[in-house]
Amino acid sequence: MHVTVIGTGYVGTVTGACLSYLGHQVTCVDTDASKIETLQRGQSPIYEPHLETMLALAMERGGIEFSTELAPAVTRSDVIFIAVGTPPQPNGEANLEYLEAAAHRTGAAMDDSRFRVVVNKSTVPVGSGNLVETLVREGIAESRPGEKRNIRFGVASNPEFLREGTAVADSLYPDRIVVGASDSQTLDVLRELYEPLAAQLFDPPPGVPRPPAMKSAPLFTTSLTSAEMIKYAANAFLAMKIGFANEIANICERVGAEATEVMSGIGLDSRIGSKFLNPGVGWGGSCFGKDIQALLHTAREYGYTGKLLQASFDVNCEQRQMVIQKLQEKLRILKGRTIGLLGLAFKPDTDDLRDAPSLYLAARLLQMGARVRAYDPIAMPACRKQQPDLKIRYCESAEELAADADALVLVTEWQEFRALDLPSLARSMTSPVLVDGRNLFQPDAARSAGFDYSGIGRAGTPRAAKKNADSDQ
Ligand SMILES: NC(=O)c1ccc[n+]([C@@H]2O[C@H](COP(=O)([O-])OP(=O)(O)OC[C@H]3O[C@@H](n4cnc5c(N)ncnc54)[C@H](O)[C@@H]3O)[C@@H](O)[C@H]2O)c1
């Protein structure tokens, strides 16, 4: 099928590359000319494992192109995905200006040569499916005022559940594909589009093997409104689960229990499940905070107060502050101290810094008079560019970060940090304080390396810790 993907960010680029891999003919469109030029050169504008390979495979096959021109792409397409940003406004409401512009221009570019489906992949407040339909209609009407044309289209909501860092695998081997639509013709088009994915009719690309037990992916069809709500409910639940683990960890610290053991113990209960239960410095990223706020806003519009949602948000804000408290307990005075942040990205395997706990910590520590350094294997160029006023010193290695520092804080659990030479880092510091914000290290190993170690929810019980494998926190 001929497909247009509007927006070449974290979602749009991966969606375009994967749909092309499944055999569709894809045009990715963005208003940002520099992103399009980067993609035309075969490079990815974001750091995402396996994405450049997928783009190369798609380009080799002639199955993908990139453009700043929306109209010609829409004209030749059967399906148009909207994957533009929906960032939060100060009152929590989602900013729909990009979505509105994309829907309107899509309508303006449509002709009567075929039936088309406009698919909303952006996370949008409940009811936006109807908004897209209205905007497409307005775009159609305004493109040729007064002219009566029979332009046929359907609108669907197809929320995205990919996780940055594993976005290609998540897109090729999804737990489910949710499609919300109100007419059967629209559903039929999307069933056809997703058939290779739903039935897993493709050979796995290099480096992204199919999970052993995976035979198919359920295509779950709903109303437009339910599909929109599924996305919010899923993110709110995951954020709440992490927040719950953090709250229990904080109590564990006080009573002398080991949170990693407690989480393993409850995670073995199949009703609970082991994922998203790792205590840490709190979740971040572009979705959880934004989506909880947007859902709270929608609830308020209907006269409902989402108490559990609000608590999930508040617990997370307080969790970030825990690190500052731990540093104060160890160092007493933070003014003039040098604190090194191990990791900046909101989680490993991405360069995304949106709502990253590292940015909160850096800003707060600077405000308190500390000197802040940071080392991140991937996200430093993005941080320099996006946070020009953040007065932190960027280091080229963990060794440079630790030299003469008063404390290290592990903020992002990058794989390479697991292999750090802890004794040598501890020796190079002025005071070897280590706050492990992801419970990445074995407390015993860190202490015998010479560190004054504290994790999250770790009472100092001398037992092996579980490897921290969750990643959205
Ligand atoms: N990032 C994630 O992990 C993730 C996961 C699931 C869902 N989502 C949702 O998907 C949506 C996109 O997220 P993202 O992280 O990819 O955003 P992003 O900011 O990385 O990318 C959005 C892109 O849209 C482009 N754009 C804006 N207006 C445009 C227009 N009128 N025409 C063409 N391009 C336009 C921007 O230039 C940008 O490149 C959001 O609603 C988000 O909530 C994101």
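The values are calculated or read from the model by the stated rules, or taken from the named source; none is laboratory data. Just so you know, these numbers come straight off a predicted model, no measurement behind them. Counting neighbours? That spans all protein chains shown, and the Cβs are built from the backbone with ideal geometry, glycine included. Quick note on the areas: whole protein, heavy atoms, side chains included, nothing else; ligands and nucleic acids left out. Shrake-Rupley method; radii C 1.70, N 1.55, O 1.52, S 1.80 Å.
Considering Cα pairs under 8 angstrom that are at least six residues apart, work out the relative contact order of segment 87-138 and quote it in whole percent.
Working: 32 pairs, mean separation 24.8, N = 52.
Across segment 87-138, relative contact order equals 48 percent.
Quick one: angle between helix 307-331 and the longest Cα principal axis of the chain, in degrees between 0 and 90, rounded to 10, please.
30 degrees
Quick check for you: which residues of segment 317-346 have the amide N under 19 Å from the point 7 Å beyond the Cα of VAL255 toward its beta carbon?
none
Using a 1.4 Å probe on the protein heavy atoms, what percent of the accessible area of segment 286-380 belongs to carbon and sulfur?
The nonpolar share, carbon plus sulfur, comes to 52 percent.
At a 1.4 Å probe radius, which order do TYR304, TYR21 fall into by accessible area, largest first?
TYR304, TYR21
Under a Cβ-only charge scheme (Lys and Arg +1, Asp and Glu -1), can you give me the dipole magnitude of segment 234-328 about the Cα centre, in debye to the nearest 20?
About 160 debye.
Sorted by accessible area with a 1.4 angstrom probe, largest first, how do ILE266, ILE46 fall?
Largest to smallest exposure gives the sequence ILE266, ILE46.
Of LEU277, ALA233, GLY165, which is farthest on the positive side of the dipole of segment 143-296, counting Cα position, with +1 on Lys and Arg Cβ, -1 on Asp and Glu Cβ, and the Cα centre as origin?
Most positive-ward Cα: ALA233.
Kindly report the accessible area of the chain per residue (heavy atoms of protein chains, probe 1.4 Å, no ligands, DNA or RNA), in Å².
So the chain comes to 42 Å² accessible per residue, rounded to a whole number.
Using 0.36 nm per residue, how much length does the chain from GLN321 to GLU138 gain when fully extended, once their Cα-Cα distance is taken away? Show your work: numbers first, answer last.
Numbers: separation 183, 0.36 × 183 = 65.88 nm, distance 4.74 nm.
61.1 nm is the gain from fully extending GLN321 to GLU138.
Which whole-number percentage describes the relative contact order of segment 319-432, with Cα contacts under 8 Å and a sequence gap of 6 or more?
Reported relative contact order: 31 percent.
Restricting to bridges with both residues inside the chain, how much of the DSSP beta-bridge set is antiparallel, in percent to the nearest 5?
Percentage antiparallel, nearest 5: 10.
In degrees between 0 and 90, to the nearest 10, how far off the longest principal axis of the chain does helix 128-143 point, with axes built from Cα atoms?
The two axes meet at around 50 degrees.
Would you mind computing the Rg to Rh ratio of the chain from its alpha-carbon coordinates, Kirkwood style for Rh? Please list the in-between numbers first.
Details: Rg = 23.8 Å, Rh = 23.7 Å.
For the chain, the value is 1.00.
Pairing the Cα long axis of helix 97-109 with the longest principal axis of the chain, what angle in degrees results, from 0 to 90 and rounded to the nearest 10?
Compared with the principal axis, the helix lies near 20 degrees.
I need the trypsin sites (Lys or Arg not before Pro) found in segment 274-377, filtered to DSSP loop residues with at most 11 other beta carbons within 10 Å of theirs.
For trypsin sites (Lys or Arg not before Pro) across segment 274-377 that sit outside H, G, I, E and B with at most 11 neighbouring Cβ atoms in 10 Å, the list reads ARG332, LYS335.
From the gyration tensor of the Cα coordinates in segment 188-275, what semi-axes in whole Å does the equivalent ellipsoid have, largest first, with each one equal to sqrt(5λ)? Let's see the in-between values first.
Numbers: eigenvalues 265, 77, 20 Å².
Listed largest to smallest, the semi-axes of segment 188-275 are 36, 20, 10 Å.
What percent does the relative contact order of the chain come to when contacts are Cα pairs within less than 8 Å and at least six residues apart?
About 13 percent, as a whole number.
Which value, in Å to one decimal place, does the Kirkwood hydrodynamic radius take for segment 339-420 when every pair of different Cα atoms is included?
12.4 Å
Counting each DSSP H run of 4 or more residues in the chain as -39500 (n - 2.57), what helix-only mean residue ellipticity at 222 nm follows after dividing by all residues, to the nearest 500 deg cm²/dmol?
Result for the chain, helices only: -13500 deg cm²/dmol.
Placing +1 on the Cβ of each Lys and Arg and -1 on the Cβ of each Asp and Glu in the chain, which of PRO90, GLN387, ASN246 has its Cα farthest towards the positive end of the resulting dipole?
ASN246
Can you work out the Karplus-derived ³J(HN,Hα) for every residue in segment 14-19? Use 6.51 cos²θ - 1.76 cosθ + 1.60 with θ = phi - 60°, whole Hz, and x for glycine or proline.
5, 4, x, 5, 6, 5
If you roll a 1.4 angstrom probe over the protein chains with everything in place, what fraction of the accessible area of segment 55-176 belongs to carbon and sulfur, to the nearest %?
Answer for segment 55-176 is 47 percent, counting heavy atoms of protein chains only.
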